[in-house]
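Report on one structure; see the data block that follows.
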Amino acid sequence: MENRLKPMDAEQLREYGHKMVDFIADYYKTIENFPVLSQVEPGYLRNLLPDSAPNQPDSFQHVLDDIQAKILPGVTHWQSPNYFAYYPSNSSVAGFVGEMLSAGLNIVGFSWITSPAATELEMIVLDWLAKMLKLPEDFLSAGQGGGVIQGTASEAVLVVLLAARDKVLRRVGKDALEKLVVYASDQMHSSLQKACQIAGIHPENCRLLKATSSTNYALSPEFLSETISQDLTIGLIPFFLCATVGTTSSTAVDPLLSLGKIAKSNGMWFHVDAAYAGSACVCPEFRHYMDGVEEADSFNMNAHKWFLTNFDCSALWVKAQAFLLQFATTELA
């Protein structure tokens, strides 16, 4: 029993690693044979697995057999060429191989000293990506800004919302939290509402403004200006505006330049959520959809959608990284 419980040695890693690569290669080779949507019923897996964890290790081949027989039938195949739901979320062999290396090194990169290469590589590659997107130089790490990888766009909007909240509360006092107002189109992803809940923004102060077919479901600058004026009149504090490049429902694109100028004139943080369609803007013929991004304080896109990158990899850039550092390391005065 003692021998059976020993961890894998280097040669076993090679053997099992090759078997796993073969398993995945065979999966991709035959992926079109699977029904895209899983055909199982809720709770199917509980009947196939034991009630408690096994006391002894199983053979690697038996584990692969279990995956084939019990797990794959319960998988919705996002990588299938026949998958057209939600949004593109395409990985790649290069992404999978890179993920192997990342998992093998298992770096915990929460600060520079915990692994300098991880921190510096992240900064450099996000600078590369920013240049591909033709983001303003203010978003590059050589200045006061820079990029950082988040798990999802939901995390990204939460991070910048918290930074914006703390920035304005340092100016007006923390007791003004109940007066802070957030604005976006009603086509905005629900992650903004969730971020407001976490940040303590009153639900009634999360303004999701109606977008109609007359603007191709983009947020109307005139409607936004009118709403902000009304809120100022009753003593509220507009502090955060979120625009979208590629809404989930219809890939609508908000007019960034006009919205950004409104945000700036009212001293608001302007965030651009390009999670869905931002990847397409590396193509010159689509870059115009990001015109006006120079007005933004932060910008986010998901590499795990159209960039052939394994989930999860959501890139966030800010013009002033100090605000993120301040909310992460200090308490409100």
Specify whether the C-alpha gyration tensor of the stretch 111-195 places it in the rounded, prolate or oblate class, a ≥ b ≥ c being the square roots of the eigenvalues: rounded for a/c under 1.5, otherwise prolate if a/b is larger than b/c and oblate if not. prolate
Using a Gaussian network model on the chain with a 10 Å cutoff between Cα atoms, which of F96, F299, F240 fluctuates the most? F96
Among Q39, Q79, Q56, determine the one that fluctuates most according to a GNM of the chain built with springs between C-alpha atoms less than 10 Å apart. Q56
Violating pairs (Cα-Cα greater than 22 angstrom) within the set K174/K319; K134/K210; K167/K210; K19/K305; K134/K167; K134/K261: K174/K319; K134/K210; K167/K210; K19/K305; K134/K167
Estimated distance in nm for a label pair at K194 and E226, the labels positioned 7 Å out from Cα along Cα-to-Cβ: 3.2 nm
Using alpha-carbon positions, the gyration tensor of the stretch 211-332 gives root eigenvalues a ≥ b ≥ c; with a/c under 1.5 called rounded, otherwise prolate if a/b exceeds b/c, else oblate, the class is oblate
Three-way shape call for the stretch 105-328 based on the alpha-carbon gyration tensor, with the a/c threshold at 1.5: oblate
Using the beta-carbon distance between L37 and V93 and R0 = 35 Å, what value does 1/(1 + (r/R0)^6) give for FRET efficiency, to the nearest 0.05? 0.90
Counting only protein heavy atoms and a 1.4 Å probe, tell me what percentage of the chain's accessible area is made up of carbon and sulfur. 58 percent
Expressed per residue, the solvent accessible area of the chain in Å² (1.4 Å probe) is about 57 Å²
Cβ-defined net charge surrounding A164, 13 Å radius [Lys, Arg +1; Asp, Glu -1]: +3
Hand me the GluC sites (Glu not before Pro) from the stretch 232-333 located in a DSSP loop with no more than 16 other Cβ atoms within 10 Å, in residue order please. E285, E331
Loop-exposed trypsin sites (Lys or Arg not before Pro) per DSSP, neighbour cap 14 Cβ within 10 angstrom, longest uninterrupted part of the chain: 5-133
To the nearest 20 debye, the chain has a Cα-centred charge dipole, built from +1 on Lys and Arg Cβ and -1 on Asp and Glu Cβ, of 560 debye
May I ask you to compute the full-extension gain from S250 to T76, defined as 0.36 nm times their residue separation minus their alpha-carbon distance, rounded to one decimal in nm? 60.4 nm
Candidates W112, W269, W306: whichever shows maximal mean-square fluctuation once the chain is modelled as a Gaussian network with Cα springs under 10 Å: W112
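The values are calculated or read from the model by the stated rules, or taken from the named source; none is laboratory data. Because the structure is a prediction, the values reported are computed rather than measured. As a convention, Cβ positions derive from the backbone with ideal geometry for all residues, glycine included, and neighbour counts pool all protein chains shown. Protein only, heavy atoms only, side chains kept; ligands, DNA and RNA dropped before computing areas. Shrake-Rupley method; radii C 1.70, N 1.55, O 1.52, S 1.80 Å.
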